[in-house]
Amino acid sequence: MSESTSAGGEPDRRLVFQPLADGGLFILVDPDAPMPWPLQTATATDLRRPVVPGESGLGFVSAGRDFFPSVEVRIIHGRPPDPSKEDWDFTGEEAIRVLSGVLSVRSLGGDVAGTFDVDPGLWHAAWRVRGRDEAAARSSELQMFFHGIEEWALDLWPADQD
């Protein structure tokens with residue numbers, strides 16, 4: 001993890017995780033939020049909808065199954081510039097409500113890749129993903145537990161600093 005202090009879209013904190021995409025799914029959640037967590041209606045075969053919002057966080061639908069994608073989380077002070085869509089398979093934005101002041105990146109089975117502190121309240125999350133074709137190809141060849149082929153990037157900033 002590297003940290004720096006800056007304003008207006010520059011990262012305050014940058015964290016990297018490698019959660020298990022258990023059955024092709026992993027989540028970013030407030031661990032103290034009430035169930036159900038995201039992904040109650042998502043399936044790993046719904047690849048057109050790679051991020052599923054929920055009241056307690058976000059669910060991520062990977063193109064691969066049972067492997068470890070790379071997930072970079074950047075905590076920033078304001079809306080980031082729009083990423084180049086040419087470099088990413090999909091991009092989007094969601095909002096999440098943090099109740100406890102903690103977010104956790106984890107598999108659906110509960111394996112925690114990491115946790116980090118943020119202020120309670122409403123947060124925006126701009127997400128993007130690439131490497132989905134290769135992750136899907138490896139999974140179709142029954143490769144398992146490979147690392148980092150699918151890359152996710154997530155910018156989080158407080159809604160009141162939009």
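A short reminder: the numbers here are calculations on the coordinates, not readings from a lab. It should be emphasised that the depicted structure is a prediction, and the values quoted were computed from it without experimental measurement. Positions of Cβ are backbone-derived with ideal geometry, glycine not excepted, and every protein chain shown enters the neighbour counts.
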Two-site FRET efficiency, residue 143 against residue 12, from Cβ-Cβ distance with R₀ of 41 Å, rounded to 0.05: 0.65
Centre separation in Å (Cα based) which lies between the stretch 10-35 and the stretch 67-107: 9 Å
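In what sequence, highest mean first, do 108-115, 88-95, 25-32 appear when ranked by Cβ atoms within 10 angstrom? List each step's numbers first, then the result.
Details: 108-115: 13.9, 88-95: 15.8, 25-32: 21.8.
In descending order of packing, they fall as 25-32, 88-95, 108-115.
May I ask for the equivalent-ellipsoid semi-axes of the stretch 2-161, computed as the square root of five times each C-alpha gyration tensor eigenvalue and listed largest first in whole Å?
After scaling each eigenvalue by five and taking roots: 24, 18, 14 Å.
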Spin-label pair residue 117/residue 82, simplified geometry with 7 Å Cα→Cβ offset, distance in nm: 3.6 nm
